[in-house]
Amino acid sequence: MPSNDTSTGWRIAFSAVVVVAALALIAALVATGLWLTERGKAASIRADRASATELDTAYRDFATDVMTHLMTIRQETLDEDVDRIVGLIEGDFSEQFTPRRDSYEEVVKSTEVIADGVVSAAAVEKSYPDHADVIMAIDQTIGNPKATEDQERQYRVRVTVNRHDDGEMKVSGVNFIP
């Protein structure tokens with residue numbers, strides 16, 4: 001009978017080792033699953049943040065481009081410049097600007113004004129997948145043949161940029177900030 005006690009002891013020890021090994025394997029599988037899930041979530045969050053950052057950059061760059069065109073006036077390319085601006089705007093801003101296009105061009109031609117506009121700073125204030133508000137500081141130098149020296153002006157504006165389902169962007173609002 002002593003050999004029977006030894007084999008029973010070995011069986012109990014072996015069973016205990018198998019149970020511990022099985023529990024360790026299950027724990028390792030659960031931990032690996034949790035780690036992979038968290039890693040996937042973290043990667044998704046990083047991708048969303050990168051995507052949002054890229055979209056904010058696109059909003060800022062588009063608003064900068066439109067405002068540079070709007071604040072830069074050249075006599076020799078006035079019609080083309082205004083056509084370009086009209087093609088980049090919509091909504092309230094278009095409803096305000098487009099009907100006054102002819103009078104704007106007349107004033108620019110009659111006064112022979114030349115202006116250079118430069119966006120000196122721009123940042124996205126609020127951003128959504130379909131629109132954003134961009135705050136900008138714009139420096140403009142205005143030359144007029146009737147004036148002895150150029151005039152320097154600084155503006156702060158809030159530009160609303162809309163993004164359509166096809167990715168096309170348009171400016172729908174330009175509000176000067178006092």
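The values are calculated or read from the model by the stated rules, or taken from the named source; none is laboratory data. Since the model is a prediction, treat every value here as computed from it, not as a measurement. Positions of Cβ are generated from backbone atoms using ideal geometry, with glycine treated the same way; all protein chains shown enter the neighbour counts.
Taken as a whole, the structure places Val113 among residues that are more than 20 Å from Asn162 (Cα to Cα) and surrounded by 14 or more Cβ atoms within 10 Å (Cβ to Cβ). Could you list all residues from the stretch 68-89 that are surrounded by 15 or more Cβ atoms within 10 Å (Cβ to Cβ) and assigned to a loop (DSSP other than H, G, I, E, B)? Across the stretch 68-89, the qualifying residues are Thr72, Leu88. Whenever a residue of the stretch 56-67 is in contact (Cβ under 8 Å) with a residue 40 or more places away in the chain and surrounded by 18 or more Cβ atoms within 10 Å (Cβ to Cβ), its partners that are of a type in the set (S, T, N, Q) and outside any helix (DSSP H, G or I), lying with C-beta atoms within less than 7 angstrom and at least six residues away or across chains, give the pairs Tyr59/Ser127. Taken over the stretch 58-70, the residue count meeting the criterion of being modelled with pLDDT under 95 and farther than 14 Å from Lys170 by Cβ is 0.
Contact annotation: no residue pair with Cβ atoms under 8 Å, 6 or more positions apart or on different chains, pairs a residue in the stretch 2-27 that is among the basic types (Lys, Arg) with a partner that is at pLDDT below 85. The set of residues in the stretch 79-119 being touching a residue at least 24 places away in the same chain (Cβ under 8 Å) and either hydroxyl-bearing (Ser, Thr, Tyr) or in contact with a Lys or Arg (Cβ under 7 Å, 6 or more places away or on another chain) (or both) consists of Leu88, Ile89, Glu90, Ser94, Thr111, Ile114. In the stretch 120-159, the qualifying residues are those that are of a type in the set (D, E, K, R) and without any contact (Cβ under 8 Å) to a residue 12 or more places away in the chain, and the one that is farthest from Met71 (Cα to Cα) is Lys126.
Restrict the check to the stretch 90-110 and report whether at least one residue is outside any helix (DSSP H, G or I) and at pLDDT 90 or above. Within the stretch 90-110, one or more residues are outside any helix (DSSP H, G or I) and at pLDDT 90 or above.
Just one of the numbered conditions (1) among the charged types (D, E, K, R); (2) touching a Gly at 6+ places or on another chain (Cβ under 6 Å); (3) under 23 Å from Lys146 (Cα atoms) is not true of Lys109; which one? Only one criterion in (1) among the charged types (D, E, K, R); (2) touching a Gly at 6+ places or on another chain (Cβ under 6 Å); (3) under 23 Å from Lys146 (Cα atoms) is unmet by Lys109, namely (2).
For the stretch 102-155, filtered to residues that are of a type in the set (S, T, N, Q) and out of contact with any Asp or Glu (no Cβ under 6 Å at 6 or more places or on another chain), the residue that is farthest from Ala52 (Cα to Cα) is Thr148. Take the conditions (1) part of a strand (DSSP E or B); (2) at pLDDT below 95; (3) under 20 Å from Leu88 (Cα atoms); Ile142 misses just one of them, which is (3).
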